[in-house]
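The structure under discussion appears below in the form of structure tokens.
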Amino acid sequence: MLSFAAVHTLAGCLLAADAEADALGWGTPATLLLIHDRPLPSDGSVPVREMRSVEFPLQRGDLLTDPAGLPALLHRLAAGLHHPNAANRAAFDAIIGLIRAAEPDMRLLAWAACYDDILTSGGQRRPARRIDAVDTDGRLYQLTHLRGEDRALLHVHDTPDTSIGATYPGVSALLAATTRHTVRVRGGAE
């Protein structure tokens, strides 16, 4: 179970990802974020961990192969991790293997999807950036940054309703598949 400090730090990580996306500008392809932490050297009295994220920019073509777009792609990525010969599985093996080689005590915390969206409010359509994340406790983080606004709005749902967002089921499936997959990589067995 993630501590309050870890949940708070994860929320800060998502706000930092939004700031980085803001610097890149609007209209960039969707990006997936694998959020993990690792232990840092300490005096031993209190364990200290550092949270980091690895970005996986998606190609526009990946999203155009299915009319359901990003939600369908998330499910395809998760399903691909269950097949030994899937291209996505090989890529995840390589990425997680590299992270583990540099950080053998890496702990997977969450997956997030960062994407542009259109919100309709009061009959008006406004561009918005969204970051939807699911942590290993099943908590849903929803960040919305309306174009032209200085600040993003972040909601953390401890017990989310499964109909709360289009990407929530796909990000959850990717997290579940990756959690099982990282255990196999850590253990060295398939």
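Each reported figure results from applying straightforward, stated rules to the coordinates on display, with no laboratory input. This one's a predicted model, so the numbers in the text were calculated from it and none came from an experiment. Cβ atoms come from the backbone with ideal geometry, glycine included; neighbour counts cover every protein chain shown.
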* How far apart, in nm, are the 7 Å Cα→Cβ label points at H157 and T179? -> 1.7
* Asked: What FRET efficiency, computed as 1/(1 + (r/R0)^6) with R0 = 22 Å and r the Cβ-Cβ distance, is obtained for H82 and Q59, rounded to the nearest 0.05?
  -> 0.50
* To do: Estimate the FRET efficiency between W26 and R52 by the formula 1/(1 + (r/R0)^6), using the beta-carbon distance for r and 25 Å for R0, to the nearest 0.05.
  => 0.50
